[in-house]
1. Please work out which one of (1) farther than 22 Å from Ser100 by Cβ; (2) open to solvent by 50 Å² or more (accessible area, probe 1.4 Å); (3) small (Gly, Ala, Ser) is the condition Ala19 fails and give its number.
2. Considering the stretch 169-183 alone, what residues qualify as being crowded, with 19+ Cβ neighbours inside 10 Å and not polar (S, T, N, Q)?
3. Please tell me if Gly56 is assigned to a helix (DSSP H, G or I) and open to solvent by less than 60 Å² (accessible area, probe 1.4 Å).
4. Using the structure shown, decide if Arg62 is surrounded by fewer than 14 Cβ atoms within 10 Å (Cβ to Cβ), touching a residue at least 24 places away in the same chain (Cβ under 8 Å), basic (Lys, Arg) and touching a Ser or Thr at 6+ places or on another chain (Cβ under 9 Å).
5. When Thr21 is evaluated against the numbered criteria (1) in contact with a Leu (Cβ under 9 Å, 6 or more places away or on another chain); (2) of a type outside the set (A, V, I, L, M); (3) closer than 25 Å to Leu126 by Cα, which criterion, by number, is the only one it fails?
6. Under 6 Å by Cβ, and 6 or more places apart or on different chains, what pairs join a residue from the stretch 94-111 that is under 14 Å from Lys167 (Cα atoms) with one that is not in a helix (DSSP H, G or I)?
7. Which is under 16 Å from the mean Cα position of the chain (by Cα) and either modelled with pLDDT of 85 or more or at negative phi (or both), of Trp3, Trp48, Trp14?
8. Which condition number does Gly120 fail, the rest of (1) open to solvent by 60 Å² or more (accessible area, probe 1.4 Å); (2) at pLDDT below 95 being met?
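The values are calculated or read from the model by the stated rules, or taken from the named source; none is laboratory data. Only a predicted model underlies this, so the values are computations on that prediction, with no experimental measurement involved. Please note: Cβ atoms are built from the backbone with ideal geometry, for glycine as well, and neighbour counts cover all protein chains shown. Just the protein is used for accessible areas: all its heavy atoms, side chains included, with ligands, DNA and RNA removed. Shrake-Rupley method; radii C 1.70, N 1.55, O 1.52, S 1.80 Å.
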Amino acid sequence: KSWLRYALVTTLLWGVWGAFTSLPSEHGFPDTLTYVVWALTMIPPAIWALRRANTGLQRDARSVLLGLAIGLLGAGGQMLLFRAVTLGPTCLIFPIVSLSPVITILMSSVLLHERTGKLGIAGITLAVISLPLFDYSPDADTHRFGSWFILALAVMLAWGLQAYFIKLANATMSAESIFVYMMLTGLLFIPVALV
């Protein structure tokens, strides 16, 4: 049952993070620099996690490949997310992004032949059907289904793929090594964000 506690704490922390993530851009802080700050803040926990692991960074070919895929999808999605919250309503962007497990579940079902129950299938179906039903227009200047919507869908896809690769990596990699690769690729994206 410990996985459920971790999942609930993660959901709570992501909800708080999502509620405040648009504040910097609303106060004039460029989304580019928001990404840079986010990437740099990953360094201390990555160092702490690697020291805690006592095994060092896993550097075999599979670990490097999965670690980079996980990091690139995570950092790329993060960069798109910071742009999306500059353009659109976070109250709709985060519900869309939160559907990323649908991608993970579908890939696990098709590629790993995992099964989900009828209730799980019903939940996935309702979640996917709900996407086109979003309608947000607090004032006349709001662009419904603008570029923020496309960016939110791209983040959903990137993070769904990332979770699938995390699932694969967990079979052979430590969580600490996965996080270090996420931090390294996040740093590699800094020049892309600045450009």
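1. Ala19 satisfies all of (1) farther than 22 Å from Ser100 by Cβ; (2) open to solvent by 50 Å² or more (accessible area, probe 1.4 Å); (3) small (Gly, Ala, Ser) except (1).
2. Ala169, Met173, Glu176, Ile178, Phe179, Val180, Tyr181, Met182, Met183
3. On the way: assigned to a helix (DSSP H, G or I): no; open to solvent by less than 60 Å² (accessible area, probe 1.4 Å): yes.
No.
4. yes
5. (3)
6. Every condition considered, the pairs that remain are Ser108/Glu114.
7. Going through Trp3, Trp48, Trp14 in turn, the sole match is Trp14.
8. (1)
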